[in-house]
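Questions regarding the structure given below will be posed in turn.
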Amino acid sequence: MDNKEINDDKQNQIKENQKKDLIIESAIRILDHTNFQNMTTSSIAREAGIAEGTIYKYFKSKKHVFMEVISFVSHKIGEFFIRKIKPDNPLKKNLLILGENFFMHQKEIGLYYKILYKSFSEVDDEEIKDRLSKIYEESIELIYSLLKSSPELKSNHIQKQQVKTVIMMLWGFGDIVWKQMTISGKNMTDEVNIKEVADFVYGMLMGNPDRE
């Protein structure tokens with residue numbers, strides 16, 4: 001294979017990826033105002049400006065488009081949440097950054113969160129449930145991996161499960177707050193003191209660590 005053929009293959013692959021991304025982004029726009037059951041491949045095709053048959057070149061079914069949408073929006077949410085977090089930062093600083101990221105990017109990720117909420121109405125489907133389960137496990141593992149290297153956690157030998165439990169508790173709190181923001185359309189920073197939350201979580205982790 002010569003260089004021209006290699007370059008042509010690369011360009012074709014780029015075009016293929018762009019078309020797949022176009023389908024996912026079109027489905028996201030549709031899911032902003034409807035749900036998975038009411039979304040159709042024909043509506044996705046119209047939104048994307050492509051033939052309906054083109055969708056099946058990249059996805060087996062509407063459900064598989066939806067599953068890719070779930071993965072995409074989860075990845076985007078994760079990107080916003082971990083901005084500026086560094087493994088070697090002091091733990092309290094990373095907790096504060098995590099809280100600030102959560103509250104300060106409501107406009108950018110509000111749509112993604114709304115779609116993620118909608119996906120839970122489809123958990124009777126085993127494939128969708130498995131995809132959601134994997135996403136949550138990977139998200140918790142990602143946050144843990146960023147926090148575990150902080151000097152405090154390393155020096156105190158706090159158990160992994162303890163850190164993950166606190167992360168899940170924090171996630172649950174954040175989920176409630178985000179739902180309030182989604183319903184009310186208001187930012188909750190006036191009602192939730194981010195520093196106080198970070199201090200509280202820090203205390204949970206460092207107050208009475210279980211020694212290995």
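Just so you know, all these numbers are worked out from the coordinates, no wet-lab data involved. The structure presented is a predicted model; accordingly, all values stated were derived computationally and were not measured. Virtual Cβ from ideal backbone geometry, glycine too; neighbours counted across all protein chains shown.
Got the relative contact order for the chain handy, in percent, Cα pairs under 8 Å and 6 or more residues apart?
Relative contact order of the chain: 21 percent.
Using 0.36 nm per residue, how much length does the chain from I183 to N156 gain when fully extended, once their Cα-Cα distance is taken away?
5.7 nm is the gain from fully extending I183 to N156.
Which residue, I24, I135, I115, has the most motion in a Gaussian network model of the chain that connects Cα atoms within less than 10 Å?
Fluctuation is largest for I135.
Moving on. Among the lysines, select those whose C-alpha is under 29 Å from the C-alpha of K60, and discard any that sit fewer than 8 residues away in the same chain.
Output for K60: K10, K15, K19, K20, K76, K114, K118, K129, K134.
Order these by the 10 Å Cβ neighbour count, fewest first: E126, E47.
E126, E47
By how many nm would the segment from Q37 to I176 lengthen if fully extended, with 0.36 nm per residue of separation less the alpha-carbon distance?
Working it through step by step, the gained length comes to 47.5 nm.
Report D for the chain in µm² per second (integer): Stokes-Einstein, Kirkwood Rh on Cα pairs, 20 °C, 1.002 mPa s.
Once the numbers are plugged in, D ends up at 110 µm²/s.
For the chain, which span is the longest to avoid every loop-located (per DSSP) member of trypsin sites (Lys or Arg not before Pro) having at most 16 other Cβ atoms inside 10 Å?
Between exposed loop sites, the widest span is 85-147.
K160: which lysines have alpha carbons under 17 Å from its alpha carbon, excluding same-chain residues fewer than 8 sequence positions away?
K148
Set the Förster distance to 25 Å, then compute FRET efficiency between K114 and E52 from the Cβ-Cβ distance, nearest 0.05.
Between K114 and E52 the formula returns 0.45.
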